[in-house]
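Reviewing the structure listed below.
The values are calculated or read from the model by the stated rules, or taken from the named source; none is laboratory data. Keep in mind that what you see is a predicted model, and the values were worked out from it rather than measured. Methodologically, a virtual Cβ is constructed for each residue, glycine included, from the backbone with ideal geometry; neighbour enumeration extends over all protein chains shown.
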């Protein structure tokens with residue numbers, strides 16, 4: 001028998017927090033326990049070997065059986081609901097990385113049966129017909145509003161056929177592509193065949209977003225996971241290393257016709273039990289074995305004038321990818337950005353080593369931190385920040401900081417343990433609505449089907465949509481009315497998360513800051529890497545109003561530095577006076593060779 005491998009990752013709150021010590025059992029297809037494992041501080045287990053079929057079976061379109069072996073996993077952790085995953089395909093020579101998202105146990109509820117996920121066969125093995133319909137955008141008469149090709153980060157996926165009552169989930173685009181590619185084809189296929197299929201998968205999704213195929217029809221999602229209409233996404237599916245590496249190498253590229261920007265509608269089917277006018281998935285294997293490159297394979301099925309293009313425009317990203325990979329020897333603001341992200345993520349993932357390089361200088365300690373980050377999050381661990389690593393860093397930074405912000409907001413809002421008595425519905429407004437919106441956002445960190453809402457105190461259609469999704473998730477009547485049962489369910493989720501999910505907090509050191517013209521609490525919080533609520537609490541503020549000359553105490557992470565973004569009129573001398581340090585200390589901390597500063601430049605300021 002051949003051997004494949006399985007690794008489990010146990011995390012919560014959209015990967016913001018690893019579940020250290022989670023207990024994992026690996027089962028064979030008859031339910032017998034093969035391994036008992038424990039997750040480490042990054043929420044990971046070691047990769048364990050499992051018997052499977054020889055890889056030649058998964059490269060032969062004539063083989064009618066399952067060219068892999070199925071296994072199961074049960075994940076349990078104190079304070080969390082258990083998760084059971086069955087029918088996990090294990091392939092010869094491939095490592096399957098299984099991401100398990102744990103939900104904190106709700107306050108006041110006995111342990112539930114937990115979530116059960118069935119992975120099942122990849123789409124290429126299915127016999128159902130594929131009726132993918134789409135349009136080739138970009139013609140002169142095209143009047144749609146979306147004029148640029150953008151990477152949707154996240155992409156909203158409907159977990160069912162179009163028009164069904166299934167839930168929507170929001171997924172980081174790179175995770176979506178890896179999930180779909182791991183579920184459409186076999187990971188043992190030649191690299192050129194894998195990449196051709198990945199290009200088709202990415203371009204298909206980008207075409208759905210660009211043409212607003214579903215949104216223009218009144219739906220609130222970008223794509224479905226129905227293989228009849230779109231492509232195969234399954235929450236909780238294992239990601240195979242070969243697929244992950246291939247996606248990392250081509251992420252951000254898509255197929256278009258020469259002279260057009262629009263993503264081509266890259267329909268596809270397996271080419272054996274189902275045929276179509278688009279690409280044959282099994283056909284890509286035959287062509288790859290003949291030495292065809294990915295673009296040559298694609299041109300064999302789509303027009304001969306197609307080409308590969310790149311888009312660096314990503315919705316929801318904090319900062320845009322700089323366009324070229326960052327590596328040892330790189331320097332500047334982009335390097336300082338990824339160092340900031342890594343230092344913050346490291347609070348939640350302490351296995352990431354500390355960065356000792358000067359701010360903005362990509363040295364060996366930055367490379368080590370990048371490599372560990374890549375290893376933890378199933379990226380190619382080369383220590384180079386390419387496009388896929390950049391956006392995963394951005395996504396994780398957003399996730400960990402948002403979780404900490406929500407934790408702080410709960411304190412400032414005075415959530416307490418007793419729900420409000422008000423009955424809320426669309427059209428309501430006021431402080432109770434703010435509380436409702438906050439609790440929905442907390443629930444959305446653990447239940448992807450619950451969309452985030454703006455905390456504006458107005459119960460509009462977006463808030464109602466989130467309430468209905470939460471009610472469905474909790475088995476309540478989805479009427480959009482927040483009465484006693486819905487309030488109690490929201491509080492149970494909130495209090496359960498408060499009790500069971502550790503949220504690493506920055507240290508309690510403070511520096512003083514004198515308010516200047518144009519300052520706001522939000523700008524100051526961004527400058528110092530803290531939160532508006534943390535500044536309010538440190539200074540006993542009851543509003544966001546500031547006055548010029550006001551002296552504030554700013555909470556900063558424990559350590560010798562704070563980060564500062566240069567503004568008009570700043571000089572090194574003024575900054576040294578403001579922070580009680582010296583010009584030379586600032587220069588040394590940032591590797592500066594002159595006193596010239598640029599507006600928007602991020603400096604590391606030594607403080608004592």
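Brief remarks follow.
Here's the yes/no breakdown for (1) out of contact with any strand residue (DSSP E or B) (no Cβ under 8 Å at 6 or more places or on another chain); (2) closer than 22 Å to residue 449 by Cβ:
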site: 181; (1), (2): yes, no
site: 208; (1), (2): no, yes
site: 217; (1), (2): yes, yes
site: 222; (1), (2): no, yes
site: 241; (1), (2): no, no
site: 253; (1), (2): no, no
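- Total residues in segment 14-33 satisfying the condition of being in a loop (DSSP other than H, G, I, E, B) and out of contact with any helix residue (DSSP H, G or I) (no Cβ under 9 Å at 6 or more places or on another chain): the figure is 9.
- Hits in segment 259-269 (condition: part of a loop (DSSP other than H, G, I, E, B) and either at positive phi or within 29 Å of the chain's Cα centre (by Cα) (or both)): 259, 261, 262, 263, 264, 265, 266, 267
- Residues that are touching a helix residue (DSSP H, G or I) at 6+ places or on another chain (Cβ under 6 Å) and under 18 Å from residue 523 (Cβ atoms) were ranked within segment 576-603; the one that is modelled with the lowest pLDDT is 602.
- Residue satisfying all of: in segment 168-211; assigned to a loop (DSSP other than H, G, I, E, B) and modelled with pLDDT of 95 or more; surrounded by the fewest Cβ atoms within 10 Å (Cβ to Cβ) among these: 190
- Per this entry, residue 321 is not counted among residues that are out of contact with any helix residue (DSSP H, G or I) (no Cβ under 6 Å at 6 or more places or on another chain), assigned to a loop (DSSP other than H, G, I, E, B) and surrounded by 19 or more Cβ atoms within 10 Å (Cβ to Cβ).
- Some residue of segment 69-91 being without any contact (Cβ under 8 Å) to a residue 60 or more places away in the chain, assigned to a loop (DSSP other than H, G, I, E, B) and more than 25 Å from residue 450 (Cβ to Cβ): no
- Among the residues of segment 273-288, those identified as surrounded by 16 or more Cβ atoms within 10 Å (Cβ to Cβ) and part of a loop (DSSP other than H, G, I, E, B) are 274, 276, 278.
- Checked against the criterion of being over 28 Å from the mean Cα position of the chain (by Cα) and within 20 Å of residue 108 (Cβ to Cβ), the candidates 428, 421 yield just one match: 421.
- Hits in segment 328-366 (condition: surrounded by fewer than 19 Cβ atoms within 10 Å (Cβ to Cβ), outside any helix (DSSP H, G or I) and out of contact with any helix residue (DSSP H, G or I) (no Cβ under 8 Å at 6 or more places or on another chain)): 329, 331, 332, 350, 363
- The criterion of being assigned to a helix (DSSP H, G or I), touching a strand residue (DSSP E or B) at 6+ places or on another chain (Cβ under 7 Å) and surrounded by 22 or more Cβ atoms within 10 Å (Cβ to Cβ) does not hold for residue 400.
- Taken over segment 34-60, the criterion of being surrounded by fewer than 17 Cβ atoms within 10 Å (Cβ to Cβ), in contact (Cβ under 8 Å) with a residue 24 or more places away in the chain and assigned to a loop (DSSP other than H, G, I, E, B) is satisfied by 40, 41, 46, 47, 54.
- Scanning segment 289-311 for residues being at pLDDT 95 or above and assigned to a loop (DSSP other than H, G, I, E, B) gives a total of 10.
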